[in-house]
Amino acid sequence: MIYKVSYVIVGNPHPGAIVNQEKMPKIGETVKIGGVWCIVTETKDLLPPHGDFAYIHVTCQAINAPPV
């Protein structure tokens, strides 16, 4: 399955991103979006999956660095 993920970084001037990935994002996971490390705070299905594609909206918050 390919996940088309729309990332929005709350409270940060970064515009976010739309990314194709093979793994579903999970709450609490850290991701790097355009040089900004973030922690996922919410995920929502935008549409029901179509064939091999799922459309996901992710809200995240910027953090200083990924956890060690």
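Could you order the peptides 45-58, 5-18 from most to least packed, using the average number of other C-beta atoms within 10 Å per residue?
Numbers: 45-58: 12.7, 5-18: 14.5.
Taking the mean over residues of other Cβ atoms within 10 Å, the ranking is 5-18, 45-58.
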Given a 1.4 Å probe and every protein chain left where it sits, what share in percent of the accessible area of the range 14-68 is carbon and sulfur? 57 percent
Cut-off under 15 Å on the C-alpha distance; same-chain residues fewer than 8 positions from Lys23 excluded. Which aspartates and glutamates are left, in chain and number order? Asp45, Asp52
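Counting only heavy atoms of protein chains, what accessible area per residue, in Å², does the range 1-60 have with a probe of 1.4 Å?
Numbers: 3680 Å² over 60 residues.
Each residue of the range 1-60 exposes 61 Å² on average to a 1.4 Å probe.
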For the chain, what relative contact order do you get, as a whole percent, if you take Cα pairs closer than 8 Å and at least 6 residues apart? 37 percent
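For the chain, what does the convex hull of the Cα positions come to per residue, in cubic angstrom? Don't jump to the answer; show the numbers that get you there.
Values: hull volume 5.4 nm³, N = 68.
Enclosed volume per residue, from the Cα hull, is 80 Å³.
Counting other C-beta atoms within 10 Å, and keeping those with at most 16, which DSSP coil trypsin sites (Lys or Arg not before Pro) do you find in the range 1-55? Show your work: numbers first, answer last.
Working: sites: Lys4, Lys23, Lys26, Lys32, Lys44; in loops: Lys23, Lys26.
Taking the range 1-55 and a limit of 16 other Cβ atoms within 10 Å, the loop trypsin sites (Lys or Arg not before Pro) found are Lys23, Lys26.
The values are calculated or read from the model by the stated rules, or taken from the named source; none is laboratory data. For clarity, every value in this text was computed on a predicted model and none was experimentally measured. When we count neighbours, we look across all protein chains shown, and the Cβ atoms used for this are built from the backbone with ideal geometry, even at glycine. When the accessible area is computed, the model is the full protein with side chains, heavy atoms only, and any ligands, DNA or RNA have been set aside. Shrake-Rupley method; radii C 1.70, N 1.55, O 1.52, S 1.80 Å.
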